[in-house]
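Enquirer: One structure, as structure tokens, below. Some questions next.
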Amino acid sequence: MNVSRAALPLASPARGRTLSAWWQAAPLSLVFALFFLVPLALILMVSFWDFNEYELLPGFTFKNYLSIFEGCSNADELCVTFKTYLSTFKFSFLVWLITLVIGFAVSYFLAFHVRSSSVQTVLFVLCTIPFWTSNVIRMISWVPLLGRNGLVNQGLVGSGVVNAPVEWLLFSDFSVVLAFVHLYTMFMIVPIFNSMMRIDRSLLEAASDSGASSWQTLWNVIVPLSRTGIVIGSIFVITIVMGDFVTIGVMGGQQIASIGKIIQVQTSYLQFPLAAANAVILLSIVLMIIWALTRMVDIRKEL
């Protein structure tokens, strides 16, 4: 009984610390609710409204969701919605794969081949230079390079490599993927580089002493320990590309469809409930992708 009575006063400080933690989390929770949860709730609500040429009609209907998948029951041909999602997935996969290879290679070089921390800092800052300008300027900068009369075509024709300008360099899938890689590779480099810098160098020495080759050390030591950074970078790149419509519109010459582009067009025509329904479906797919990626690692350890 004496022991239990002596332990009772400890409960009050514990409750005080819990209350203090709640108060500390309250401002961020309020911001999260106002600027994330409330807008999402509004989008979900509007997706069930009806509309006409002049106004929104509050109510509850599945009309918007049914119209999105209209014609998708035909087994002979893919509907427009499925084709658009396949196009979006194609761009996301290609950009993710290319940025992963480039991001891993750059991060590996900076982390393990550059010995001086000052040189690492300088080279890392050089990688961030493209972010000193806006995305639109960086996209437009490719037009005079890849256009029919651009510098690349002039060089190819002048050197005799081709007889006529190459048409697919601009306003094509190639130019869209190139612009995406240019814009978002840094989102892959930063988390992977951060993970590699946390790797204990004694593990590499132990692998070398055990007779492991450079490739075995890379595949069995560095890659598993960099997995968290790879997953975080993948989440950044995939989610941004899935919802992007500016890059596809500019670099695709307004000829390539994506889910983000469809939502932007529907919004411009004041079809807000239909755009909201598309946004809900896209968000659901993106959240499932994020959930699948986060099952691979514990991101909280990295954060």
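Enquirer: Tally up the residues in the stretch 33-65 that are more than 15 Å from Ile281 (Cβ to Cβ), among the β-branched types (Val, Ile, Thr) and touching a Phe, Trp or Tyr at 6+ places or on another chain (Cβ under 8 Å), please.
Expert: Number of matching residues: 1.
Enquirer: Does Ile248 qualify as being closer than 30 Å to Trp168 by Cβ, out of contact with any Cys (no Cβ under 7 Å at 6 or more places or on another chain), assigned to a helix (DSSP H, G or I) and not hydroxyl-bearing (Ser, Thr, Tyr)?
Expert: When the stated conditions are applied, Ile248 passes them.
Enquirer: Could you list all residues from the stretch 35-61 that are assigned to a helix (DSSP H, G or I) and among the β-branched types (Val, Ile, Thr)?
Expert: Selection gives Val38, Ile43, Val46.
Enquirer: Just checking, how many residues over the stretch 263-302 are closer than 15 Å to Met242 by Cα and hydroxyl-bearing (Ser, Thr, Tyr)?
Expert: Result for the stretch 263-302: 1.
Enquirer: Moving on. Quick one: in the stretch 25-52, of everything that is surrounded by 10 or more Cβ atoms within 10 Å (Cβ to Cβ) and either farther than 30 Å from Ile263 by Cα or in contact with a Cys (Cβ under 6 Å, 6 or more places away or on another chain) (or both), which residue is modelled with the highest pLDDT?
Expert: In this case the residue turns out to be Ala26.
Enquirer: Further question on the same structure: Which of the residues belonging to the stretch 199-221 are in contact with a Leu (Cβ under 8 Å, 6 or more places away or on another chain) and either outside any helix (DSSP H, G or I) or exposed (fewer than 12 other Cβ atoms within 10 Å of the Cβ) (or both)?
Expert: Step one: filter the stretch 199-221 for residues in contact with a Leu (Cβ under 8 Å, 6 or more places away or on another chain), giving 199, 203, 217, 221.
The one that is in contact with a Leu (Cβ under 8 Å, 6 or more places away or on another chain) and either outside any helix (DSSP H, G or I) or exposed (fewer than 12 other Cβ atoms within 10 Å of the Cβ) (or both): Ile199.
Enquirer: Please go through the stretch 273-300 and pick out each residue that is assigned to a helix (DSSP H, G or I), more than 23 Å from Ser87 (Cα to Cα) and without any contact (Cβ under 8 Å) to a residue 24 or more places away in the chain.
Expert: Within the stretch 273-300, just Arg300 meets the criteria.
Enquirer: For the condition in contact (Cβ under 8 Å) with a residue 24 or more places away in the chain and part of a loop (DSSP other than H, G, I, E, B), what is the one hit in Phe171, Phe236?
Expert: On the way: Phe236 fails: part of a loop (DSSP other than H, G, I, E, B).
Just one listed residue meets the conditions, Phe171.
Enquirer: Of the residues in the stretch 174-198, how many are farther than 20 Å from Gln254 by Cα, outside any loop (DSSP other than H, G, I, E, B) and under 15 Å from the mean Cα position of the chain (by Cα)? Break it down stepwise before answering.
Expert: The initial filter retains those residues of the stretch 174-198 that are farther than 20 Å from Gln254 by Cα, namely 184-198.
Cutting the leftovers down to outside any loop (DSSP other than H, G, I, E, B) gives us 184, 186-197.
Next, from what is left, pick out any that are under 15 Å from the mean Cα position of the chain (by Cα): 184, 186-192.
Selection size over the stretch 174-198: 8.
Enquirer: Mind telling me which of the residues Arg138, Arg115, Arg148 ends up being within 30 Å of Leu225 (Cα to Cα) and among the charged types (D, E, K, R)?
Expert: Answer to the check: Arg115.
Enquirer: If we scan the stretch 252-261, do we find a residue that is touching a residue at least 24 places away in the same chain (Cβ under 8 Å) and surrounded by fewer than 16 Cβ atoms within 10 Å (Cβ to Cβ)?
Expert: The answer is yes; a qualifying residue exists.
Enquirer: Answer with yes or no whether Asp244 is touching a residue at least 24 places away in the same chain (Cβ under 8 Å) and in contact with a Gly (Cβ under 6 Å, 6 or more places away or on another chain).
Expert: Yes; evaluated as a whole, the condition is true for this residue.
The values are calculated or read from the model by the stated rules, or taken from the named source; none is laboratory data. Predicted, not measured: the structure shown is a model, and the values here were computed from it. Quick reminder, even Gly has a Cβ in these numbers, built from the backbone with ideal geometry, and neighbours come from all protein chains shown.
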